[in-house]
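Data first, discussion second: the structure below is written as structure tokens.
The values are calculated or read from the model by the stated rules, or taken from the named source; none is laboratory data. Since this is a predicted model, take the numbers as computed values, not measurements. Positions of Cβ are backbone-derived with ideal geometry, glycine not excepted, and every protein chain shown enters the neighbour counts.
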């Protein structure tokens, strides 16, 4: 008696959505085997797509058939056996050679003596179904991308919201993602620093593993975070909520590019704090050098020293060098007085919002006046043209009057544009500064030296010197006002302290806004 393998398969892919479950297939096939008195060698179950060769259960079954353990297959339909030309060709060949003597489906038998065209058509339809499905799926995904909906798994900081079938911001992780963009843009952070920061803030991969260097690089260069996304090698505008601004993203890309260049000479390469501090004795820049100490017991120690570059030949500078660890600690202490509490930042923002509203109202009145004047000039131009066409005025008079009116109109348009652009111009810079002042609270003593350098540059500008192994700095006016407010806390009304900080920033902005 011919023995059969009972083979049931169902994939979790889209291809098998309409196919009976494994249990249903088994029930029907067992009943069919009993009805037709078929001998079952073994029941084989596979839960895998047949669109690609390499299914382990199918391959095992075919090998056992070739060894003679069974001579037939009992399955729901031929597409359960194959949906690709490699596997279908293998089955068809063994059927034509008589190695497989019967393939019994729920509605018919396939025998070696049958017309091979029928088997080929059935397998061909199964293969074509997969090809059509792939094409339709691909077409649907591209259509989704063109609509602005990301057709894939949401990146870190976002979630795939199955309820609305869209990508939503992950409120827990998005804050850390935004902060890592901000911090990487600020100083000379390495990708390892970014990865460590994310790990410390509980941001991990989808698999729950810590983020590695290359993953941090991908995150920081992914346009998804500013509102666009890549799909199929093309950039699309997304409908999802951005986590960072395009301006911040571009700043990070510039930093990634700059830091990807290897140093020309790693042994004597400039250290982090070079370019930040000047010598307090001669005014020259501070440079760095590495020293290696070899102990008799075999231990080796590496040190970095900062010292005056002594490029001023007219001055004999005797400024002593300072170890990087000591300078690092001094820099941490220098940053302390300029921290701002969130409460202070909130109150100053309220002052700014009030002034902005008043400025907008004032500007609106001025702009309306300019618009009225421009409209009046436009009407004069129209009347002038009518008079010229009616031959009421000479050509030369028309040209002269027209040139004068157009000149006045252009001047008014430029003035109106300047007023519109200038209104509340200080607001965004103020918000950025308040954010920086609050971020100082997060800079601990063991923070990366590059981050401290970034903030020291913002606070002291070029006014940071090293004298007698001591770093000293004169802060910019707005930062100095924060330190002064801390000193006067408890002695002066809080509102007056905040007003003085706000006024100091406006003064600084006015001096530097060109």
query: Can you tell me which residues in region 328-342 are touching a helix residue (DSSP H, G or I) at 6+ places or on another chain (Cβ under 9 Å) and either surrounded by fewer than 20 Cβ atoms within 10 Å (Cβ to Cβ) or assigned to a helix (DSSP H, G or I) (or both)?
result: 328, 331, 332, 334, 335, 336, 337, 338, 339, 341, 342
query: What is the one condition in (1) over 13 Å from residue 104 (Cα atoms); (2) in contact with a helix residue (DSSP H, G or I) (Cβ under 8 Å, 6 or more places away or on another chain); (3) in a loop (DSSP other than H, G, I, E, B) that residue 76 does not satisfy?
result: (1)
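Based on what the data block shows, is residue 24 surrounded by fewer than 16 Cβ atoms within 10 Å (Cβ to Cβ) and either modelled with pLDDT under 95 or assigned by TED's automatic domain parsing to the domain that holds residue 114 (or both)? Steps first, please.
On the way: surrounded by fewer than 16 Cβ atoms within 10 Å (Cβ to Cβ): yes; either modelled with pLDDT under 95 or assigned by TED's automatic domain parsing to the domain that holds residue 114 (or both): yes.
It is true that residue 24 is surrounded by fewer than 16 Cβ atoms within 10 Å (Cβ to Cβ) and either modelled with pLDDT under 95 or assigned by TED's automatic domain parsing to the domain that holds residue 114 (or both).
Does region 258-273 contain at least one residue that is outside any loop (DSSP other than H, G, I, E, B), modelled with pLDDT of 85 or more, under 37 Å from the mean Cα position of the chain (by Cα) and surrounded by 13 or more Cβ atoms within 10 Å (Cβ to Cβ)?
So in region 258-273, the residues outside any loop (DSSP other than H, G, I, E, B) come out as 258-259.
Still in the running and modelled with pLDDT of 85 or more: none.
No, region 258-273 has no match at all.
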message: For region 79-98, give me each residue that is under 16 Å from residue 59 (Cβ atoms), outside any helix (DSSP H, G or I) and free of Cβ contacts under 8 Å to residues at least 60 places away in the same chain.
response: 82, 84
message: Given the condition surrounded by 12 or more Cβ atoms within 10 Å (Cβ to Cβ), in contact with a helix residue (DSSP H, G or I) (Cβ under 6 Å, 6 or more places away or on another chain), part of a loop (DSSP other than H, G, I, E, B) and at pLDDT below 90, answer yes or no: does some residue in region 219-232 qualify?
response: no
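I'd like to check something: does region 106-116 contain any residue that is over 30 Å from residue 235 (Cα atoms), at pLDDT below 75 and part of a loop (DSSP other than H, G, I, E, B)? Explain how you work it out, then say what you get.
Narrowing region 106-116 to residues over 30 Å from residue 235 (Cα atoms): 106-116.
Now restrict to residues that are at pLDDT below 75: 115-116.
Right, trim to part of a loop (DSSP other than H, G, I, E, B) and you get 115.
Yes.
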- request: Answer yes or no: is there a residue in region 424-438 that is under 46 Å from the mean Cα position of the chain (by Cα), over 22 Å from residue 508 (Cα atoms) and surrounded by 11 or more Cβ atoms within 10 Å (Cβ to Cβ).
  value: no
query: When you go through (1) touching a residue at least 24 places away in the same chain (Cβ under 8 Å); (2) touching a strand residue (DSSP E or B) at 6+ places or on another chain (Cβ under 7 Å); (3) more than 19 Å from residue 226 (Cα to Cα) one by one for residue 190, which number turns out not to apply?
result: (2)
Single condition residue 286 does not satisfy, out of (1) touching a helix residue (DSSP H, G or I) at 6+ places or on another chain (Cβ under 7 Å); (2) buried (at least 19 other Cβ atoms within 10 Å of the Cβ); (3) at pLDDT 85 or above; (4) within 21 Å of residue 461 (Cα to Cα): (1)
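Would you confirm, using the coordinates I've provided, whether residue 382 is loosely packed, with under 11 Cβ neighbours inside 10 Å and either free of Cβ contacts under 8 Å to residues at least 40 places away in the same chain or within 25 Å of residue 483 (Cβ to Cβ) (or both)? Give the steps one after another, and end with the answer.
Numbers: loosely packed, with under 11 Cβ neighbours inside 10 Å: yes; either free of Cβ contacts under 8 Å to residues at least 40 places away in the same chain or within 25 Å of residue 483 (Cβ to Cβ) (or both): yes.
Yes.
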- line: If we keep only residues of region 361-376 that are surrounded by 14 or more Cβ atoms within 10 Å (Cβ to Cβ) and within 19 Å of residue 425 (Cα to Cα), then the residue nearest to the chain's Cα centre (by Cα) is 363
message: Condition first: touching a strand residue (DSSP E or B) at 6+ places or on another chain (Cβ under 8 Å) and either at pLDDT below 90 or within 30 Å of residue 336 (Cα to Cα) (or both). Can you find one or more residues in region 388-399 that meet it?
response: no
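Take the residues of region 310-327 that are part of a helix (DSSP H, G or I) and touching a strand residue (DSSP E or B) at 6+ places or on another chain (Cβ under 7 Å): which is farthest from residue 290 (Cα to Cα)? Please lay out each step first, then the result.
Step one: of region 310-327, the residues part of a helix (DSSP H, G or I) are 324-327.
Pick out the ones that are also touching a strand residue (DSSP E or B) at 6+ places or on another chain (Cβ under 7 Å) and you get 324, 327.
Details: 324: 10, 327: 15 Å.
That would be 327.
Yes/no matrix, rows are residues, columns are (1) modelled with pLDDT of 90 or more; (2) surrounded by 12 or more Cβ atoms within 10 Å (Cβ to Cβ); (3) in contact with a strand residue (DSSP E or B) (Cβ under 7 Å, 6 or more places away or on another chain):
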residue	(1), (2), (3)
120	no, yes, no
135	no, no, no
142	no, yes, no
148	no, yes, yes
156	yes, yes, no
199	no, yes, yes
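Within region 179-196, track down each residue that is assigned to a helix (DSSP H, G or I) and under 22 Å from residue 457 (Cα atoms). Give the steps one after another, and end with the answer.
Step one: of region 179-196, the residues assigned to a helix (DSSP H, G or I) are 179-186, 191-196.
Those that are assigned to a helix (DSSP H, G or I) and under 22 Å from residue 457 (Cα atoms): 179, 180, 181, 182, 183, 184, 185, 186, 191, 193, 194.
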Which listed residue, of 471, 480, is surrounded by 15 or more Cβ atoms within 10 Å (Cβ to Cβ), modelled with pLDDT of 90 or more and within 17 Å of residue 438 (Cα to Cα): 480
